[in-house]
There are 2 protein chains.
Amino acid sequence: MDNALDHCAEWVLTAATAARQASSVLARLPGAARDGALRAAAGALRAARAGIVAANARDVADFDAAGGSKAFRDRLLLTPERVEAMARGLDDIAALPDPLGRVLAEWARPNGLVIRRVAQPLGVIGMIYESRPNVGADAAGLCLKAGSAVILRGGSDSFHSARAIHAALVAGLTSVGVPAEAVQIPPETDRGYVAAMLGAAGLIDLIIPRGGKSLVERVQREARVPVLAHAEGLNHTYVHEAADPAMARAILANAKMRRTGICGATETLLIDAAIAPALLPLLVADLRALGCDFRAGPRARAIVADLPPAPDGTFDTEWLDAVLSVAVVDDVEHALRFIRNHGSEHTDAIITEDAAAAARFLNGVDSAVALWNASTQFCDGGEFGFGAEIGIATGRVHARGPVGLEQLTTFRYHVIGTGQIRP
Amino acid sequence: MDNALDHCAEWVLTAATAARQASSVLARLPGAARDGALRAAAGALRAARAGIVAANARDVADFDAAGGSKAFRDRLLLTPERVEAMARGLDDIAALPDPLGRVLAEWARPNGLVIRRVAQPLGVIGMIYESRPNVGADAAGLCLKAGSAVILRGGSDSFHSARAIHAALVAGLTSVGVPAEAVQIPPETDRGYVAAMLGAAGLIDLIIPRGGKSLVERVQREARVPVLAHAEGLNHTYVHEAADPAMARAILANAKMRRTGICGATETLLIDAAIAPALLPLLVADLRALGCDFRAGPRARAIVADLPPAPDGTFDTEWLDAVLSVAVVDDVEHALRFIRNHGSEHTDAIITEDAAAAARFLNGVDSAVALWNASTQFCDGGEFGFGAEIGIATGRVHARGPVGLEQLTTFRYHVIGTGQIRP
């Protein structure tokens, strides 16, 4: 950092330094004490319910005055039920197994040294997120359980909500002796805090951005700190020629239409030319009945003539909506090539009864999550059994796919000797 | 990247794109084929021995003309024996177990989905290193074995050596059908290639810098790509009051003096006040006999009066030389505090016969490698049993400590279903 610290960078320097000390306290607490702190924080959220809803009402009023979108408003809104859900989320995290201290590997060397790889806290995590105020409470719960301190930077729209939630969390934590600095938020909405967090090399150990594409891209572009990014999910469901037609219909309808706005939703259907004439009309009819629209390549339109054509860029578009891109392919290799060219290495599925084709697909596709005969919407920490997730990582280092408590840890080697020296 | 691509960025764009295709070929080769390619590369290095030594002679002549240091010259120099050692290094890597395809975890969900976490290649690795030309061959061997393509950017001083080594590696690889683009080097010494590699977000998956402090710091400051940095090793050996004196003497002499220039060398001795009067004079005498000098705090000088005093900054200095900083501490907590304030989270050891004190130290110190009753010089991939290492990671994400083949991989989830859809 330069000599001329601006006030945001100065705040981050102070906050992150205090956070590191808090994380070293957290790291040495037994798991039961960290769980107790989460339950105390949950209790404090419940006790502060009315105040949190009132603070949120200020944010919502400002938002309405500025004339924002209805979908965004719903994400911003907190009700007593939503505050209760946040509190229950913390209780649920408290009930999960302790991710710290796990012996990830252990072996002995010929010289008698015993080497253990042991799970440890990451240290100080910076969470940068948008709109949904509950993300702050969820992220704090996961980070604290994993022994890390966290600096939460929510969107400006939810500033009052975030402050009220933060105050409740801190009240809960300090009531059981956990340092207040374990969870911190910047004192104002100034965007400079994001820049300062991204530049805090050596102060913050990991930045987790969660929000729209432009937020994530800005974080990736500017960060001087390692980033666990959650970029787009341009996911394919590939119906192989040996697919069970009924299974393909059920899975595609679910993968596309169960929820269209989540990153695990299917955006593109690939279907083998051999099965497309028989099956594609049925798939289209199923999805149309659910309200789905289409953008189809020429080979698909040659089979179902009334499919809308695919304009340029169709197969590079993450719709996050009730729209499906459709292309006919020749075989597994063609599908893999298509996914390499257009996919985002997030989540891709093959539907087939042919185990050899499935193996070629699972080993050939380079996605964080590759599925065989299942819906892409299973790309989710809860569905993976992680209990809770802080996001879906789309990079290639540290973690890929759903990020739960285990992925929020690092490790350390313990080397146990009896006086060994190196020859 | 901006529209105005300079020629270095243009080269990196082309090279990394071709490297990604090559890595996707490598990733699908069976382990035996990757091993065969490494053996072919080793054979090609042996066949090109005379040419490599001649190319190196040009580098050394340029270096002598510029009047460089003797230590650096020795690191730069290649002899036929050193070329043979490089080739043997590749053969050794070929003999290691395949890191790809390992099932890291597998579990079933209540809905019948089976989830497997499977080791996968990282993709495209950028290796930025200085002086020792053999680092290029070692790094290429490890990356290729782990299924990744690599772009090698060695120091300008070793440019002709690096070119000759690269040509031999490529001759070996292509003789068995591996794409030449699996290992690439920039065509000239222009420093712009480093900047272009550091800016290659989305093109290069991981940058590994290996060299002096200023190189590593530049990489950490400028990189837009994840970095596996190898920063300094400001390591402590802490002699606890319950240490076995003979063991403490043997370990400290080894930890400090076996090799003083490696990152696992001990730089600071901490010794408990209770044992210092009896033991510190012996430790000092042992190390003096080995040619070690000292910088000691006041409590140590009160015991051994002729120890040179420690100027400001002593305990924050990585000597990488026959010099030891010495401080007397009160107990384990004091030692941990001292290490938190002055250490670099690399490698720290406790010498004690007291298991409870050892546990407090191992769990309380935040180093990548924490040892009990062993020399800090064991922080090494070979000594850990990894067979070979590409460096020692000092960050907290992805990998910590010695980085071998396993740490050069990422993972992917395979989800095996029977038609599951998400409720």
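Read the figures in this text as sums done on the coordinates, not as results from a lab. Quick caveat, the model's predicted, so the values are computed rather than measured. Cβ sites come from the backbone with ideal geometry, for glycine too, and all protein chains shown count toward neighbours.
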Problem set entry | Cβ neighbours within 10 Å from other chains - mean over B:400-407 | 2
Exercise. What is the distance in Å between the Cα centres of segment B:1-80 and segment B:167-207?
Worked result: 8
Exercise. Which chain B residue hugs the B-A rotation axis most tightly by its Cβ, and what is that distance in angstrom, to the nearest whole number?
Worked result: B:His398, 2
Exercise. Quick one: length gained pulling A:Ala95 to A:Ala305 fully straight, 0.36 nm per residue minus the C-alpha distance?
Worked result: 70.2 nm
Problem set entry | For segment A:219-225, Karplus couplings with θ = phi - 60° (6.51, -1.76, 1.60), whole Hz, Gly/Pro x | 4, 5, 6, 9, 5, 9, 10
Exercise. Net charge near A:Leu362, counting Lys/Arg +1 and Asp/Glu -1 over other residues with Cβ under 13 Å of its Cβ?
Worked result: +2
Seminar exercise, completed: Put in order of increasing Cβ neighbours within 10 Å, starting from the fewest, B:Ile128, A:Ile271 give B:Ile128, A:Ile271
Seminar exercise, completed: Taking Cα atoms, the helix A:332-342 axis meets the longest principal axis of chain A at an angle in degrees (rounded to 10) of 50
Seminar exercise, completed: Connecting every pair of Cα atoms under 10 Å apart in chain B and solving the GNM, the largest mean-square fluctuation among B:Val53, B:Val284, B:Val114 falls on B:Val114
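Taking a ≥ b ≥ c as the square roots of the Cα gyration tensor eigenvalues, with a/c under 1.5 meaning rounded and otherwise prolate when a/b beats b/c, else oblate, which class fits chain B?
oblate
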Exercise. At what distance in angstrom do the alpha carbon centres of segment A:219-272 and segment B:211-282 lie from each other?
Worked result: 48
Exercise. Tell me, A:Val25, A:Val369 in order of fewest to most beta-carbon neighbours within 10 Å?
Worked result: A:Val25, A:Val369
For this session: Could you work out the relative contact order of segment B:226-272, using alpha carbon pairs under 8 angstrom and six or more residues apart, expressed as a whole percent?
Result: 56
For this session: Output the antiparallel fraction of DSSP beta bridges having both residues in chain B, as a percent to the nearest 5.
Result: 30
Exercise. Amide H of B:Val326: which non-local residues (sequence gap of 5 or more, or other chain) have their own amide H closer than 5 Å, using H built in the peptide plane?
Worked result: B:Leu269, B:Arg295, B:Ala296, B:Gly297
For this session: Taking only Cα atoms and a 10 Å spring cutoff, compute GNM fluctuations for chain A and point out the largest among A:Val328, A:Val118, A:Val365.
Result: A:Val118
Problem set entry | MRE, 222 nm, helices only [DSSP H, n ≥ 4, -39500 (n - 2.57), over the protein assembly as shown, to nearest 500] | -13500 deg cm²/dmol
Seminar exercise, completed: As straight-line cross-link partners of A:Lys213, the qualifying aspartates and glutamates (C-alpha separation under 18 Å, not fewer than 8 residues apart within one chain) are A:Glu130, A:Asp157, A:Glu222, A:Glu232, A:Glu267, A:Asp316, A:Glu318, A:Asp321, A:Glu345
Seminar exercise, completed: Computed over chain A, the relative contact order (Cα-Cα under 8 Å, seq sep at least six) in percent reads 18
Problem set entry | Other-copy label distances relative to B:Trp107, 7 angstrom Cα-Cβ extension, nm | 2.5
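Arrange A:Ile392, A:Ile262 by Cβ neighbour counts within 10 Å, fewest through most, would you?
Ascending number of Cβ neighbours within 10 Å: A:Ile262, A:Ile392.
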For this session: Give me the percent of DSSP beta bridges within the protein assembly as shown that run antiparallel, rounded to the nearest 5.
Result: 30
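When a/c is below 1.5 the answer is rounded, else prolate if a/b is larger than b/c, else oblate, so apply that to the protein assembly as shown with a ≥ b ≥ c taken from the square roots of the Cα gyration tensor eigenvalues.
Values: a/c = 1.98, a/b = 1.26, b/c = 1.57.
In terms of gyration-tensor shape, oblate.
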Exercise. Sorted from shortest, what are the nm distances separating the label point of B:Glu81 from equivalent points in the other copies, each placed 7 Å from Cα along Cα to C-beta?
Worked result: 7.9
For this session: May I ask for the angle, rounded to the nearest 10°, between helix A:134-145 and the longest principal axis of chain A, with both axes built from Cα atoms and the value confined to 0 to 90°?
Result: 60
Exercise. Treating the beta-carbon of each Lys and Arg as +1 and of each Asp and Glu as -1, no other charges, what is the dipole magnitude of the protein assembly as shown about its Cα centre, to the nearest 20 debye?
Worked result: 580
Exercise. Is segment A:235-383 rounded, prolate or oblate when judged by the Cα gyration tensor, a ≥ b ≥ c being the square roots of its eigenvalues, rounded requiring a/c under 1.5 and prolate requiring a/b larger than b/c?
Worked result: rounded
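Taking 0.36 nm per residue of sequence separation and subtracting the Cα-Cα distance, how much length would be gained by fully extending the chain between B:Ala180 and B:Trp107, in nm to one decimal? Intermediate results must be reported in sequence, preceding the final value.
Values: separation 73, 0.36 × 73 = 26.28 nm, distance 3.92 nm.
Stretched out fully, the B:Ala180 to B:Trp107 stretch lengthens by 22.4 nm.
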Seminar exercise, completed: Taking the label point 7 Å from Cα along the Cα-Cβ vector, the copy-to-copy distances for A:Glu222, listed from shortest in nm with one decimal, are 2.2
Problem set entry | Per-residue ³J(HN,Hα) for segment B:410-419, Karplus 6.51 cos²θ - 1.76 cosθ + 1.60, θ = phi - 60°, Hz, x for Gly and Pro | 10, 9, 9, 8, 9, 10, 9, x, 9, x
Problem set entry | Euclidean distance of C-alpha centroids, segment B:325-365 and segment A:317-352, integer Å | 53
Seminar exercise, completed: Longest principal axis of chain A (C-alpha) makes with the long axis of helix A:276-289 (C-alpha) an angle, in degrees to the nearest 10, of 60
Exercise. Please state the relative contact order of segment A:235-383 as a whole percent: Cα pairs under 8 Å, 6+ residues apart?
Worked result: 33
